[in-house]
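The values are calculated or read from the model by the stated rules, or taken from the named source; none is laboratory data. From a predicted model like this one, the values you see are computed outputs, not experimental measurements. Cβ placement follows ideal geometry from the backbone for every residue including glycine, while neighbour counts extend to all protein chains displayed.
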Amino acid sequence: MKKIAILGSTGSIGTQTLDVARANGDLEVLGLSAGSNVEKLEKQVREFNPRLVAVWDERAAADLAVRIADTDTRVVSGMEGLLELARMPETEILVTAIVGMIGIRPTMEAIRAGKDIALANKETLVTAGHLIMPMAEKYGVQILPVDSEHSAIFQAIHGERKDEIHKLLITASGGPFRGKKREELTKVTLADTLKHPNWVMGQKITVDSATLVNKGLEVMEARWLFGLDLDHIEVVVQPKSIIHSMVEFKDGAVMAQLGTPDMRLPIQYALYYPHRRYLDGERLDFSKLKQITFEEPDMDTFLGLPMAMEASRKGGSMPTVFNAANELAVRKFLQEKIGFLDIYEIIGQSMGRHTVIDKPGLEEILAVEEETYQWIESRW
(Lines give C-alpha, C1' and ligand atoms only; values in the text may rest on other atoms or scores of the structure.)
Protein backbone atom coordinates (compact mmCIF):
# COMPACT_ATOMS: atom_id res chain seq x y z
CA MET A 1 0.00 0.00 0.00
CA LYS A 2 1.58 3.30 -1.13
CA LYS A 3 0.79 6.21 1.16
CA ILE A 4 0.38 9.65 -0.42
CA ALA A 5 -0.56 13.24 0.43
CA ILE A 6 -1.95 15.81 -2.01
CA LEU A 7 -1.35 19.54 -2.01
CA GLY A 8 -4.31 21.07 -3.86
CA SER A 9 -6.78 18.19 -3.72
CA THR A 10 -9.82 20.18 -4.87
CA GLY A 11 -8.26 21.46 -8.11
CA SER A 12 -8.10 19.75 -11.50
CA ILE A 13 -4.92 17.71 -10.88
CA GLY A 14 -5.88 16.99 -7.28
CA THR A 15 -9.29 15.61 -8.13
CA GLN A 16 -7.85 13.49 -10.95
CA THR A 17 -5.22 12.16 -8.53
CA LEU A 18 -8.09 11.04 -6.33
CA ASP A 19 -9.67 9.41 -9.41
CA VAL A 20 -6.47 7.38 -9.78
CA ALA A 21 -6.54 6.47 -6.08
CA ARG A 22 -10.19 5.49 -6.39
CA ALA A 23 -9.48 3.22 -9.35
CA ASN A 24 -6.56 1.48 -7.67
CA GLY A 25 -6.89 -0.32 -4.40
CA ASP A 26 -3.36 0.23 -3.15
CA LEU A 27 -3.05 4.02 -2.78
CA GLU A 28 -3.83 5.31 0.71
CA VAL A 29 -4.52 9.04 0.86
CA LEU A 30 -3.23 10.23 4.24
CA GLY A 31 -3.24 13.98 3.64
CA LEU A 32 -5.29 16.51 1.66
CA SER A 33 -5.04 20.27 1.30
CA ALA A 34 -6.93 23.09 -0.38
CA GLY A 35 -7.33 26.84 -0.27
CA SER A 36 -10.91 27.35 0.89
CA ASN A 37 -13.23 24.90 -0.91
CA VAL A 38 -14.74 23.43 2.24
CA GLU A 39 -17.68 21.63 0.64
CA LYS A 40 -15.47 19.69 -1.77
CA LEU A 41 -12.92 18.97 0.96
CA GLU A 42 -15.58 17.59 3.26
CA LYS A 43 -16.70 15.14 0.58
CA GLN A 44 -13.10 14.07 -0.01
CA VAL A 45 -12.49 13.59 3.71
CA ARG A 46 -15.57 11.43 4.11
CA GLU A 47 -14.58 9.26 1.15
CA PHE A 48 -10.83 8.88 1.75
CA ASN A 49 -10.62 9.33 5.53
CA PRO A 50 -7.22 11.11 5.59
CA ARG A 51 -5.40 11.66 8.87
CA LEU A 52 -4.68 15.31 8.17
CA VAL A 53 -6.25 18.11 6.12
CA ALA A 54 -4.53 21.46 5.60
CA VAL A 55 -6.67 24.45 4.61
CA TRP A 56 -4.93 27.68 3.64
CA ASP A 57 -7.76 29.97 4.77
CA GLU A 58 -8.12 29.95 8.59
CA ARG A 59 -11.88 30.62 8.56
CA ALA A 60 -12.43 27.83 6.05
CA ALA A 61 -10.30 25.52 8.21
CA ALA A 62 -12.45 26.30 11.25
CA ASP A 63 -15.60 25.66 9.22
CA LEU A 64 -14.25 22.33 7.98
CA ALA A 65 -13.26 21.27 11.50
CA VAL A 66 -16.87 21.70 12.61
CA ARG A 67 -18.24 19.86 9.56
CA ILE A 68 -16.00 16.80 10.05
CA ALA A 69 -15.97 16.74 13.85
CA ASP A 70 -17.44 13.22 13.71
CA THR A 71 -14.36 11.90 11.86
CA ASP A 72 -10.79 11.16 13.00
CA THR A 73 -9.29 13.68 10.54
CA ARG A 74 -7.33 16.56 12.04
CA VAL A 75 -7.55 20.01 10.45
CA VAL A 76 -4.66 22.51 10.29
CA SER A 77 -4.34 25.84 8.50
CA GLY A 78 -2.03 28.35 6.85
CA MET A 79 1.54 27.76 5.73
CA GLU A 80 2.36 25.86 8.92
CA GLY A 81 -0.48 23.50 8.08
CA LEU A 82 0.86 22.92 4.56
CA LEU A 83 4.34 22.26 5.94
CA GLU A 84 2.98 19.77 8.48
CA LEU A 85 1.14 17.94 5.71
CA ALA A 86 4.25 17.96 3.50
CA ARG A 87 6.40 16.25 6.14
CA MET A 88 3.84 13.70 7.40
CA PRO A 89 6.06 10.82 8.59
CA GLU A 90 3.82 8.08 7.19
CA THR A 91 3.68 9.28 3.58
CA GLU A 92 6.02 8.22 0.76
CA ILE A 93 5.09 10.68 -1.97
CA LEU A 94 3.69 14.21 -2.06
CA VAL A 95 1.59 15.27 -5.04
CA THR A 96 2.12 19.02 -5.48
CA ALA A 97 -1.02 20.01 -7.37
CA ILE A 98 -1.28 23.42 -5.72
CA VAL A 99 -1.16 26.49 -8.01
CA GLY A 100 1.41 29.24 -7.50
CA MET A 101 4.62 29.92 -5.62
CA ILE A 102 2.86 28.94 -2.42
CA GLY A 103 3.99 25.42 -3.35
CA ILE A 104 7.73 26.09 -2.94
CA ARG A 105 8.03 25.86 0.86
CA PRO A 106 5.95 22.68 1.23
CA THR A 107 7.89 21.02 -1.61
CA MET A 108 11.19 21.82 0.09
CA GLU A 109 9.82 20.58 3.41
CA ALA A 110 8.76 17.28 1.83
CA ILE A 111 12.18 16.84 0.23
CA ARG A 112 13.88 17.39 3.61
CA ALA A 113 11.58 14.72 5.03
CA GLY A 114 12.66 12.28 2.31
CA LYS A 115 9.42 12.26 0.30
CA ASP A 116 9.36 11.71 -3.44
CA ILE A 117 7.62 14.58 -5.27
CA ALA A 118 4.95 14.06 -7.95
CA LEU A 119 5.38 17.55 -9.36
CA ALA A 120 2.48 19.41 -10.95
CA ASN A 121 3.38 22.81 -9.47
CA LYS A 122 5.37 24.51 -12.24
CA GLU A 123 6.26 27.53 -10.17
CA THR A 124 8.45 25.49 -7.83
CA LEU A 125 11.09 24.78 -10.49
CA VAL A 126 10.49 27.91 -12.57
CA THR A 127 11.43 30.21 -9.67
CA ALA A 128 13.50 27.94 -7.41
CA GLY A 129 14.86 25.17 -9.64
CA HIS A 130 18.42 26.12 -8.66
CA LEU A 131 17.48 25.32 -5.06
CA ILE A 132 15.12 22.37 -5.55
CA MET A 133 17.14 20.10 -7.85
CA PRO A 134 20.37 20.09 -5.78
CA MET A 135 18.23 19.59 -2.68
CA ALA A 136 16.47 16.56 -4.19
CA GLU A 137 19.84 15.06 -5.05
CA LYS A 138 21.18 15.74 -1.55
CA TYR A 139 18.23 14.01 0.15
CA GLY A 140 17.99 11.22 -2.42
CA VAL A 141 14.39 11.86 -3.50
CA GLN A 142 12.82 11.62 -6.94
CA ILE A 143 11.16 14.54 -8.72
CA LEU A 144 8.51 12.79 -10.83
CA PRO A 145 6.86 15.08 -13.41
CA VAL A 146 3.07 15.14 -13.63
CA ASP A 147 2.67 17.70 -16.44
CA SER A 148 1.74 15.73 -19.57
CA GLU A 149 4.63 17.23 -21.57
CA HIS A 150 7.30 16.58 -18.95
CA SER A 151 5.91 13.14 -18.23
CA ALA A 152 6.14 12.36 -21.96
CA ILE A 153 9.82 13.35 -21.98
CA PHE A 154 10.41 11.44 -18.76
CA GLN A 155 8.87 8.33 -20.34
CA ALA A 156 10.80 8.78 -23.60
CA ILE A 157 14.19 8.96 -21.87
CA HIS A 158 13.53 6.07 -19.49
CA GLY A 159 16.48 3.70 -19.83
CA GLU A 160 18.39 6.10 -22.09
CA ARG A 161 21.70 7.85 -21.43
CA LYS A 162 21.32 11.51 -20.54
CA ASP A 163 24.47 12.48 -22.45
CA GLU A 164 22.96 11.08 -25.65
CA ILE A 165 19.97 13.48 -25.63
CA HIS A 166 20.28 16.18 -28.27
CA LYS A 167 16.99 18.07 -28.02
CA LEU A 168 13.69 18.15 -26.17
CA LEU A 169 10.63 18.83 -28.35
CA ILE A 170 7.81 20.13 -26.17
CA THR A 171 4.45 20.08 -27.89
CA ALA A 172 1.72 22.71 -27.57
CA SER A 173 -1.89 22.64 -28.69
CA GLY A 174 -1.73 26.34 -29.57
CA GLY A 175 -4.66 27.08 -27.25
CA PRO A 176 -8.09 28.47 -28.16
CA PHE A 177 -6.68 31.35 -30.24
CA ARG A 178 -4.27 29.42 -32.43
CA GLY A 179 -4.01 31.09 -35.84
CA LYS A 180 -5.26 34.47 -34.66
CA LYS A 181 -3.17 37.62 -34.99
CA ARG A 182 -2.54 40.27 -32.35
CA GLU A 183 -5.25 42.66 -33.57
CA GLU A 184 -7.82 39.86 -33.27
CA LEU A 185 -6.93 39.37 -29.60
CA THR A 186 -7.87 42.90 -28.56
CA LYS A 187 -11.52 41.98 -28.05
CA VAL A 188 -11.41 38.35 -26.89
CA THR A 189 -13.41 37.68 -23.73
CA LEU A 190 -12.77 35.63 -20.64
CA ALA A 191 -15.34 33.09 -21.85
CA ASP A 192 -13.51 32.79 -25.18
CA THR A 193 -10.21 32.26 -23.39
CA LEU A 194 -11.49 29.48 -21.15
CA LYS A 195 -12.61 27.32 -24.10
CA HIS A 196 -9.56 25.11 -24.51
CA PRO A 197 -9.91 22.86 -27.58
CA ASN A 198 -8.50 19.67 -26.01
CA TRP A 199 -7.89 19.76 -22.27
CA VAL A 200 -10.14 20.26 -19.25
CA MET A 201 -8.03 22.23 -16.79
CA GLY A 202 -8.25 24.84 -14.06
CA GLN A 203 -8.94 28.44 -15.08
CA LYS A 204 -5.44 29.78 -14.44
CA ILE A 205 -3.65 27.15 -16.51
CA THR A 206 -6.28 27.50 -19.27
CA VAL A 207 -5.53 31.23 -19.55
CA ASP A 208 -1.80 30.44 -19.50
CA SER A 209 -2.36 28.03 -22.37
CA ALA A 210 -4.08 30.75 -24.39
CA THR A 211 -1.21 33.23 -23.86
CA LEU A 212 1.46 30.52 -24.35
CA VAL A 213 2.81 31.48 -20.93
CA ASN A 214 2.12 27.90 -19.91
CA LYS A 215 4.43 26.62 -22.64
CA GLY A 216 7.05 29.11 -21.54
CA LEU A 217 6.79 27.86 -17.96
CA GLU A 218 7.15 24.30 -19.25
CA VAL A 219 10.33 25.20 -21.14
CA MET A 220 11.74 26.82 -17.99
CA GLU A 221 10.76 23.81 -15.90
CA ALA A 222 12.19 21.31 -18.43
CA ARG A 223 15.54 23.06 -18.20
CA TRP A 224 15.78 22.09 -14.53
CA LEU A 225 14.10 18.69 -14.73
CA PHE A 226 16.27 17.35 -17.53
CA GLY A 227 19.41 19.48 -17.28
CA LEU A 228 19.44 20.90 -20.82
CA ASP A 229 19.99 24.51 -21.83
CA LEU A 230 17.43 26.53 -23.78
CA ASP A 231 19.27 26.01 -27.07
CA HIS A 232 18.36 22.32 -26.83
CA ILE A 233 14.67 22.80 -25.99
CA GLU A 234 12.17 23.51 -28.78
CA VAL A 235 8.41 24.10 -28.80
CA VAL A 236 6.32 22.54 -31.58
CA VAL A 237 2.59 23.14 -32.03
CA GLN A 238 0.66 19.87 -32.40
CA PRO A 239 -3.00 20.97 -32.40
CA LYS A 240 -4.70 17.69 -31.53
CA SER A 241 -2.60 17.09 -28.36
CA ILE A 242 -1.92 13.49 -29.41
CA ILE A 243 1.87 13.68 -29.16
CA HIS A 244 2.58 14.96 -25.67
CA SER A 245 6.28 15.62 -26.29
CA MET A 246 9.34 14.13 -27.98
CA VAL A 247 13.06 13.64 -27.45
CA GLU A 248 15.62 13.78 -30.23
CA PHE A 249 18.84 11.85 -29.59
CA LYS A 250 22.32 12.46 -30.96
CA ASP A 251 21.89 9.93 -33.75
CA GLY A 252 18.74 11.66 -35.03
CA ALA A 253 16.28 9.17 -33.54
CA VAL A 254 13.15 10.77 -32.09
CA MET A 255 11.18 9.11 -29.31
CA ALA A 256 7.64 10.33 -28.70
CA GLN A 257 4.92 9.55 -26.18
CA LEU A 258 1.40 9.55 -27.64
CA GLY A 259 -1.98 9.21 -26.03
CA THR A 260 -5.40 10.79 -25.63
CA PRO A 261 -5.56 14.08 -23.65
CA ASP A 262 -6.06 12.48 -20.22
CA MET A 263 -4.12 13.83 -17.23
CA ARG A 264 -4.77 10.65 -15.26
CA LEU A 265 -2.09 8.91 -17.33
CA PRO A 266 0.88 11.10 -16.24
CA ILE A 267 -0.50 11.25 -12.69
CA GLN A 268 -0.71 7.48 -12.45
CA TYR A 269 2.70 7.04 -14.10
CA ALA A 270 4.30 9.31 -11.50
CA LEU A 271 2.60 7.56 -8.59
CA TYR A 272 3.59 4.06 -9.70
CA TYR A 273 6.91 4.78 -11.45
CA PRO A 274 8.70 2.78 -12.79
CA HIS A 275 5.70 0.46 -13.20
CA ARG A 276 2.60 0.88 -15.36
CA ARG A 277 -0.96 0.11 -14.37
CA TYR A 278 -4.07 -0.43 -16.43
CA LEU A 279 -5.93 2.86 -16.94
CA ASP A 280 -9.54 2.81 -17.98
CA GLY A 281 -10.45 5.29 -20.69
CA GLU A 282 -10.35 6.15 -24.36
CA ARG A 283 -7.50 4.78 -26.47
CA LEU A 284 -5.95 6.20 -29.63
CA ASP A 285 -7.57 4.84 -32.77
CA PHE A 286 -5.05 5.36 -35.56
CA SER A 287 -7.53 4.32 -38.25
CA LYS A 288 -9.63 7.35 -37.30
CA LEU A 289 -6.74 9.68 -36.52
CA LYS A 290 -5.46 9.61 -40.13
CA GLN A 291 -2.79 12.29 -39.64
CA ILE A 292 -0.90 14.37 -37.10
CA THR A 293 0.07 17.89 -38.13
CA PHE A 294 2.67 20.29 -36.76
CA GLU A 295 3.21 24.06 -36.80
CA GLU A 296 5.73 26.54 -35.47
CA PRO A 297 4.52 28.62 -32.50
CA ASP A 298 3.59 32.20 -33.40
CA MET A 299 5.91 34.05 -31.05
CA ASP A 300 5.12 37.44 -32.59
CA THR A 301 1.50 37.17 -31.46
CA PHE A 302 1.69 34.98 -28.36
CA LEU A 303 4.36 36.69 -26.32
CA GLY A 304 4.17 34.40 -23.30
CA LEU A 305 6.69 31.98 -24.79
CA PRO A 306 9.41 34.42 -25.90
CA MET A 307 9.05 36.40 -22.66
CA ALA A 308 9.52 33.20 -20.65
CA MET A 309 12.61 32.28 -22.63
CA GLU A 310 14.03 35.77 -22.09
CA ALA A 311 13.42 35.46 -18.35
CA SER A 312 15.05 32.04 -18.29
CA ARG A 313 18.12 33.25 -20.17
CA LYS A 314 18.56 36.19 -17.80
CA GLY A 315 18.14 33.78 -14.91
CA GLY A 316 18.51 34.60 -11.23
CA SER A 317 15.40 36.35 -9.95
CA MET A 318 13.95 37.20 -13.39
CA PRO A 319 11.92 33.97 -13.70
CA THR A 320 10.28 34.90 -10.38
CA VAL A 321 9.29 38.30 -11.78
CA PHE A 322 7.91 36.69 -14.94
CA ASN A 323 5.92 34.15 -12.93
CA ALA A 324 4.64 36.58 -10.30
CA ALA A 325 3.61 39.17 -12.88
CA ASN A 326 1.74 36.53 -14.85
CA GLU A 327 0.00 35.15 -11.77
CA LEU A 328 -1.35 38.57 -10.77
CA ALA A 329 -2.18 39.55 -14.35
CA VAL A 330 -4.15 36.34 -14.87
CA ARG A 331 -5.95 36.87 -11.58
CA LYS A 332 -6.98 40.35 -12.75
CA PHE A 333 -8.04 38.95 -16.14
CA LEU A 334 -10.16 36.26 -14.47
CA GLN A 335 -11.80 39.05 -12.45
CA GLU A 336 -12.34 40.89 -15.79
CA LYS A 337 -10.39 43.91 -14.57
CA ILE A 338 -7.99 43.86 -17.54
CA GLY A 339 -8.02 42.68 -21.15
CA PHE A 340 -6.27 39.65 -22.61
CA LEU A 341 -3.35 41.59 -24.13
CA ASP A 342 -2.83 43.48 -20.85
CA ILE A 343 -1.38 40.26 -19.46
CA TYR A 344 1.62 40.65 -21.77
CA GLU A 345 1.91 44.35 -20.96
CA ILE A 346 2.05 43.67 -17.22
CA ILE A 347 4.65 40.92 -17.60
CA GLY A 348 6.79 42.99 -19.96
CA GLN A 349 6.76 46.12 -17.78
CA SER A 350 7.51 44.09 -14.64
CA MET A 351 10.50 42.40 -16.26
CA GLY A 352 11.74 45.65 -17.78
CA ARG A 353 12.04 47.44 -14.44
CA HIS A 354 13.66 44.57 -12.49
CA THR A 355 17.35 44.37 -11.58
CA VAL A 356 18.31 40.69 -11.52
CA ILE A 357 19.51 39.06 -8.31
CA ASP A 358 21.93 36.26 -9.14
CA LYS A 359 21.25 32.91 -7.40
CA PRO A 360 18.53 34.20 -5.04
CA GLY A 361 17.76 32.30 -1.85
CA LEU A 362 14.22 31.36 -0.86
CA GLU A 363 13.58 34.52 1.13
CA GLU A 364 14.86 36.67 -1.75
CA ILE A 365 12.61 34.80 -4.20
CA LEU A 366 9.55 35.39 -2.01
CA ALA A 367 10.53 39.04 -1.49
CA VAL A 368 10.83 39.58 -5.27
CA GLU A 369 7.41 38.00 -5.73
CA GLU A 370 5.85 40.34 -3.18
CA GLU A 371 7.64 43.40 -4.55
CA THR A 372 6.43 42.54 -8.06
CA TYR A 373 2.85 42.22 -6.80
CA GLN A 374 3.04 45.58 -5.03
CA TRP A 375 4.44 47.35 -8.09
CA ILE A 376 1.69 45.96 -10.35
CA GLU A 377 -1.07 46.80 -7.86
CA SER A 378 0.15 50.39 -7.70
CA ARG A 379 -0.26 50.78 -11.46
CA TRP A 380 -3.07 48.48 -12.65
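Kindly indicate whether Met220 is crowded, with 17+ Cβ neighbours inside 10 Å, among the hydrophobic types (A, V, I, L, M, F, W, C) and over 19 Å from the mean Cα position of the chain (by Cα).
Numbers: crowded, with 17+ Cβ neighbours inside 10 Å: yes; among the hydrophobic types (A, V, I, L, M, F, W, C): yes; over 19 Å from the mean Cα position of the chain (by Cα): no.
No: the conditions fail for Met220.
Can you tell me how many residues in region 230-269 are under 19 Å from Ile143 (Cβ atoms), touching a helix residue (DSSP H, G or I) at 6+ places or on another chain (Cβ under 7 Å) and not polar (S, T, N, Q)?
Start the filter on region 230-269 by keeping residues that are under 19 Å from Ile143 (Cβ atoms), which leaves 233, 244-245, 247, 257, 263, 265-269.
Subset that is touching a helix residue (DSSP H, G or I) at 6+ places or on another chain (Cβ under 7 Å): 233, 244-245, 247, 257, 263, 266-269.
Applying the additional criterion that residues be not polar (S, T, N, Q) yields 233, 244, 247, 263, 266-267, 269.
Summing the residues that are under 19 Å from Ile143 (Cβ atoms), touching a helix residue (DSSP H, G or I) at 6+ places or on another chain (Cβ under 7 Å) and not polar (S, T, N, Q) in region 230-269 gives 7.
List the number of the failed condition for Ala152; all other conditions in (1) small (Gly, Ala, Ser); (2) over 22 Å from the mean Cα position of the chain (by Cα); (3) crowded, with 23+ Cβ neighbours inside 10 Å hold.
(2)
Looking only at region 130-171, which residues are part of a helix (DSSP H, G or I) and small (Gly, Ala, Ser)?
First, pick out the residues of region 130-171 that are part of a helix (DSSP H, G or I): 130-139, 148-156, 162-164.
Result: Ala136, Ser148, Ser151, Ala152, Ala156.
Restricting to region 49-62, name every residue that is surrounded by 18 or more Cβ atoms within 10 Å (Cβ to Cβ) and of a type in the set (D, E, K, R).
Residues of region 49-62 surrounded by 18 or more Cβ atoms within 10 Å (Cβ to Cβ): 50-56, 60-61.
Listed by number, the list holds a single entry, Arg51.
Looking for something touching a Leu at 6+ places or on another chain (Cβ under 6 Å) and without any contact (Cβ under 8 Å) to a residue 60 or more places away in the chain - is there at least one such residue anywhere in region 23-30? Can you show your working first?
Initial filter on region 23-30 (touching a Leu at 6+ places or on another chain (Cβ under 6 Å)): none.
No, because not a single residue in region 23-30 is touching a Leu at 6+ places or on another chain (Cβ under 6 Å) and without any contact (Cβ under 8 Å) to a residue 60 or more places away in the chain.
This table checks each residue for (1) assigned to a loop (DSSP other than H, G, I, E, B); (2) surrounded by 20 or more Cβ atoms within 10 Å (Cβ to Cβ).
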residue: Glu248; (1), (2): no, no
residue: Met255; (1), (2): no, no
residue: Asp262; (1), (2): yes, no
residue: Asn323; (1), (2): no, yes
residue: Val330; (1), (2): no, yes
residue: Lys337; (1), (2): yes, no
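Do you know which residues across region 204-217 are within 15 Å of Leu190 (Cβ to Cβ) and over 12 Å from the mean Cα position of the chain (by Cα)? Break it down stepwise before answering.
First, the residues of region 204-217 that are within 15 Å of Leu190 (Cβ to Cβ): 204-211.
Scanning region 204-217 gives Val207, Ala210, Thr211.
Keeping to region 189-217, report how many residues are touching a helix residue (DSSP H, G or I) at 6+ places or on another chain (Cβ under 6 Å), among the small types (Gly, Ala, Ser), surrounded by fewer than 22 Cβ atoms within 10 Å (Cβ to Cβ) and not in a loop (DSSP other than H, G, I, E, B).
0
Is it fair to say Thr301 is in contact with a Leu (Cβ under 8 Å, 6 or more places away or on another chain), at pLDDT 95 or above and not hydrophobic (A, V, I, L, M, F, W, C)?
Against the criterion (in contact with a Leu (Cβ under 8 Å, 6 or more places away or on another chain), at pLDDT 95 or above and not hydrophobic (A, V, I, L, M, F, W, C)), Thr301 qualifies.
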